[in-house]
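Working notes, beginning with the structure itself.
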Number of protein chains: 2
Amino acid sequence: MAQIIATSPLAQPMPELGSVRGVRLQAMAAGIRYKGRTDLVLAEFIPGTTVAGVFTQSKCPGAPVDWCRAILPGGQARALVVNAGNANVFTGRAGRETCESTARAAAELAGCTPEQVYLASTGVIGEILPAERITKALPELHEALSETGWADAARGIMTTDTFPKAAVRTAMLGGVEVVIQGMAKGSGMIAPDMATMLGFVATDAALPAPVLQALLSAGVKKTFNCITVDSDTSTSDMVLLFATGAAGNAPLPTTSPATSPENAIDSPELADFRAALNDVLHTLALMVIRDGEGATKLMTISVSGAVSDASAWRVGMAIGNSPLVKTAIAGEDANWGRIVMAVGKCGEPADRDTLSVSIGGVCIARNGTVTDGYDETPVVAHMKGQEIDIAVDLGLGNGSARVWSCDLTHGYIDINGSYRS
Amino acid sequence: MAQIIATSPLAQPMPELGSVRGVRLQAMAAGIRYKGRTDLVLAEFIPGTTVAGVFTQSKCPGAPVDWCRAILPGGQARALVVNAGNANVFTGRAGRETCESTARAAAELAGCTPEQVYLASTGVIGEILPAERITKALPELHEALSETGWADAARGIMTTDTFPKAAVRTAMLGGVEVVIQGMAKGSGMIAPDMATMLGFVATDAALPAPVLQALLSAGVKKTFNCITVDSDTSTSDMVLLFATGAAGNAPLPTTSPATSPENAIDSPELADFRAALNDVLHTLALMVIRDGEGATKLMTISVSGAVSDASAWRVGMAIGNSPLVKTAIAGEDANWGRIVMAVGKCGEPADRDTLSVSIGGVCIARNGTVTDGYDETPVVAHMKGQEIDIAVDLGLGNGSARVWSCDLTHGYIDINGSYRS
C-alpha cells in the first residue's frame with residue numbers, strides 16, 4: 001500500500017480481550033508483502049477442539065478456501081495459520097502446494113495431521129504466495145504462542161483495515177460460564193453472501209462440530225451475510241468457529257432431539273450460548289462496516305412487509321449497494337427518491353403504491369407519494385449524524401430483514417484507485 | 001444543480017443532424033426546475049406515424065412510463081412531450097393528473113387524441129411536477145415547431161449530461177433511402193435492464209408498429225441494455241422509435257412471413273434498415289457511457305465461453321458494475337484479480353480453472369493462474385488510454401456478450417453527493 005489511510009471516523013476501540021482456555025496464538029512480521037508490520041498469525045488449539053466454518057460462495061475461491069472446505073467434514077482443528085497481504089487466489093497448482101506445505105509445517109509443530117490445520121489468506125489476488133516465507137517463520141511463531149496473543153493477532157490479519165476488530169462475550173452453558181471471543185478483518189471487497197471476510201471465533205465450550213456448524217451458519221446469516229461495503233464478494237471470505245471444550249461444561253444430552261444439529265438454533269439448552277455467539281458475530285460484522293473503505297457513516301436498513309425474509313434481504317442489499325443511495329448519504333442529502341429507485345430496480349416483488357420510506361424514524365413517503373405536509377427539517381438533522389437509519393415497508397407481506405452498509409466517499413476512490421500498485 | 005460539471009473528457013461532438021420528414025420539434029425554457037436553459041421539448045409527427053417503445057423494468061416506474069406503456073398498444077403517435085429536471089416519479093395521483101393534462105393540452109394543439117401523445121420526464125424523484133408550467137408553455141412551443149429543431153431538442157432533455165447525444169444514419173428500404181435519426185440523454189442512474197434512459201429515434205420509413213417494435217426490442221437488447229454506469233436502473237427509462245412513413249417506401253409484403261414481427265429481426269427486406277437502426281442505438285448508448293457521471297475511461301467488456309448469451313451478459317455486467325474493477329480502471333491499475341473476483345461473485349456458472357482474462361489484447365491469466373512469463377508493460381500502457389478493452393473467456397460453452405461501462409472516479413462522488421440539494 002502506497003498511501004497511509006487515516007483511521008475510520010467510525011472506528012471503535014478494541015475491547016478488553018481475555019483468553020479462551022485451550023487457545024494460544026501469536027502474530028509476527030514475516031515480510032510476506034508488508035514491511036514493518038505483522039502479517040502472519042498462528043493459533044493452536046488443544047486436542048479435541050471442534051470446528052465449524054462458512055466460506056465464500058465465489059466461483060473463483062482462493063486455495064485456502066478450497067483447503068478448509070475439504071477438511072471441514074473432519075470437524076477437528078488443532079491449528080490455524082493466517083497471512084495478510086497475499087490472498088493466494090488464482091494461483092493454480094502453486095497455490096495448492098503452498099497450502100499443503102504450510103499445513104504440513106504447522107501440523108508438525110502442533111503434533112497433529114495436516115487435515116487439522118486451517119488456513120486463511122487475504123490480500124492481493126493472482127500473485128504467487130511463497131510458502132517458504134510462512135514455513136520458515138512458523139517455528140519461531142510457535143515458540144511464542146500465548147493465551148494473551150489475541151489483540152496482536154487481530155492486528156496481524158489486517159489489510160486495508162484501519163482498526164483491529166475483536167469482540168468477547170460470556171454465556172452459561174451446561175452449568176458453567178463459557179467465553180466466546182473472536183476477531184475479524186475486512187474493509188473493502190465486502191458483500192459476504194453466505195460467508196464473510198475473515199472472521200475467527202473461539203470458545204472454551206464443549207460442543208460437537210455439527211451443533212457448532214448449525215449455530216455458526218444461522219448466526220452468520222443474520223450478521224456477516226447482512227453487511228455490504230461495495231457489493232464485491234471476496235474470493236477469500238471465511239468465518240471459522242473453534243470450540244476447545246476446556247470450560248468443562250456438561251456435554252449436551254445427545255439423546256435429546258432438542259440439541260441435534262437440526263434443532264440447535266432453537267434448543268433452550270443453547271439459548272444463552274447462541275445469543276452470546278450471535279452478539280459476537282453481529283459486533284464483528286458491524287466493525288467491518290465501520291471500517292468500510294472510505295466510510296464516514298453507518299447505514300442501518302430495515303425492510304419489512306416483503307413477501308419473504310429472503311426478498312426483504314435482497315431489497316435491503318439493493319439499497320445498501322446502490323452507488324446513488326451511498327453517495328447521497330455521504331453528501332448528507334435525504335434523497336429518498338434514490339431509495340425508491342433501488343427498491344424498484346432490484347427485481348423483487350414491490351408495488352410503488354403500497355411502499356413507504358422512513359429516514360431517521362420520520363415517514364417521508366407512503367402509498368406511492370410523499371407524506372402530506374412532509375417537513376424535511378428533522379431528517380436533514382438526522383443525515384448529519386454518523387448513524388443513518390433507513391426503513392422501508394413494502395406493504396406486501398410479513399418478510400423482514402435488516403442489513404448494514406456505509407456511505408460511498410472520495411476515500412473509497414482514493415483507496416481503491418491505488419491499492420495494488 | 002449547485003455545481004458546474006465540466007464536459008466529459010470522453011465527449012463526442014454533435015454529428016451534423018438533418019431533418020426526418022414528418023417530424024417537427026422544438027425546445028424551450030419552461031422554468032420547470034432549471035434556470036436559464038431549455039427543459040421542455042415538444043415533437044409533432046404527421047398522421048399515420050407508427051411507434052414502438054421499451055420501458056424500465058423498475059417496480060417503481062414514473063407516471064409517464066405508466067402512461068406510455070398504457071397507450072403503446074394503439075401503435076400510433078402524433079406528439080411527444082419531454083421535460084427535464086423533474087422525473088414525475090413517486091408522485092401518486094398528482095403525477096397521473098399531470099400526465100393526463102399534459103397529454104390533453106398537446107393533443108388539442110396537434111389535433112389528435114390524448115392517447116396519441118407520448119410523455120417522458122427525467123430528473124429528481126418524488127417532487128410534484130406542476131402540470132401548468134408545461135401546459136402554459138405548449139402553445140408557444142407548438143408555434144415554433146421546426147424540422148430542424150433536433151440539436152436544440154437533444155440539449156433540452158439533458159439533466160446531469162455534459163454533452164448532447166444524437167446520431168443519424170440512412171438505409172435503403174422498399175426501394176427508397178430512409179433516414180433514422182435519434183437523441184438520448186443519460187449520465188447517472190444508468191443500468192438499463194430491458195430498457196434505457198431516455199432515447200427518442202425517428203425515421204421517415206413506413207413500417208407497421210409491430211414490426212417497428214420487434215426491431216426496437218432486438219436492437220435495444222444489444223445496445224442500451226448492455227451499458228451500465230452505476231448499476232442503478234432508473235425509474236424513468238424509455239426508448240421510443242417513431243416511423244412517419246414520409247419517405248414513401250413501398251409497404252412491406254404483409255403476406256410474407258419474412259416481415260412478420262416475429263421474423264422482423266431476420267428478414268432480408270429489413271436488413272439494411274435494421275443495421276442502420278442498430279447502429280444509431282449503439283452510438284447513442286455508447287454516448288451515454290461516454291457521459292457517465294465522472295467517467296474518464298470507456299470500458300468494453302467482451303465475454304465469451306459462457307453457458308449462454310444471457311449468462312455472458314450477467315458476467316459482463318458484474319465486471320462492469322464492480323466498484324473495485326471501476327476504481328482500478330480509474331487508477332490505471334491493471335488489477336486483473338478484481339476481474340476474477342467479479343466473475344466469481346456473480347452467481348453465473350464459472351470455473352476458476354478454465355477461466356482466462358485479457359486486457360488490451362494481452363492474455364494475462366489462463367487456466368486458473370497467471371500466464372507464464374506475463375509481462376505487464378503493454379497492459380500498463382493500454383491502461384493509460386481512454387478506451388479499455390477487457391476480455392474474459394469462461395471456457396464452458398458458446399455464450400457471448402459485449403457490455404460497456406466506465407470508470408468510477410472522484411467526479412461521480414462530487415456529482416452525486418450534491419445533485420439534489
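Each value in this text was obtained by applying a stated rule to the coordinates, not by laboratory testing. Since this is a predicted model, take the numbers as computed values, not measurements. Because the Cβ atoms are built from the backbone with ideal geometry, glycine has one as well, and the counts that use them run over all protein chains shown.
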Relative exposure of A:Trp67, A:Trp313, judged by other C-beta atoms within 10 Å (fewest first): A:Trp313, A:Trp67
Of B:Lys185/B:Lys297; A:Lys222/B:Lys185; A:Lys345/B:Lys297; A:Lys326/B:Lys136, pairs whose Cα-Cα distance is over 30 Å: A:Lys222/B:Lys185; A:Lys326/B:Lys136
For segment B:23-290, size of Cβ-based charge dipole, Lys and Arg +1, Asp and Glu -1, in debye: 460 debye
Shortest-first distances to equivalent copies, position A:Pro9, nm, label 7 Å out along Cβ: 2.8
Reach of A:Lys384 by Cα under 20 Å, taken over aspartates and glutamates that are not fewer than 8 positions away in the same chain: A:Asp291, A:Glu293, A:Glu332, A:Asp333, A:Asp375, A:Glu376, A:Asp407, B:Asp414
Sorted by Cβ density within 10 Å, fewest first, the residues B:Lys35, B:Lys165, A:Lys345: B:Lys35, A:Lys345, B:Lys165
Sequence-separation-based contact order of chain B, relative, with Cα cut under 8 Å and 6+ spacing, percent: 18 percent
0 to 90° range, to nearest 10: angle between helix B:271-290 axis and chain B longest Cα axis: 70 degrees
Prolate/oblate/rounded label for segment B:298-416 (Cα gyration tensor, a/c 1.5): oblate
For A:228-237, mean number of other protein chain Cβ atoms within 10 Å: 5
Per-residue average of Cβ from other chains inside 10 Å of B:323-335: 6
Cα-Cα pairs of chain A separated by more than 31 Å (percent): 40 percent
Cα-only Debye scattering, the protein assembly as shown: base-10 log of I(q)/I(0) at q = 0.07, 0.11 Å⁻¹: -0.57, -1.19
Evaluated at q = 0.09, 0.13 Å⁻¹: base-10 log I(q)/I(0), Debye formula over Cα of segment B:18-133: -0.22, -0.47
For the axis carrying chain B to chain A: nearest C-beta residue of B, whole Å: B:His410, 3
Ranking of B:Lys297, B:Lys384 by count of other Cβ atoms within 10 Å, fewest first: B:Lys384, B:Lys297
Exam field: A:Thr371 pseudo-label spacings to other copies (7 Å along Cα-Cβ), nanometres: 5.8
Spatial extent of segment B:135-269: Rg and Dmax, with the Cα atoms as the point set, Å: 16.6, 48
Nitroxide proxy distance, nm - points 7 Å out along Cα→Cβ at B:Ile265 and B:Arg37: 3.6 nm
Nm distances between copies for A:Ala151, ranked from closest, using label points 7 Å along Cα→Cβ: 7.0
Alpha carbon centroid spacing (whole Å) that separates segment B:257-290 from segment A:173-251: 53 Å
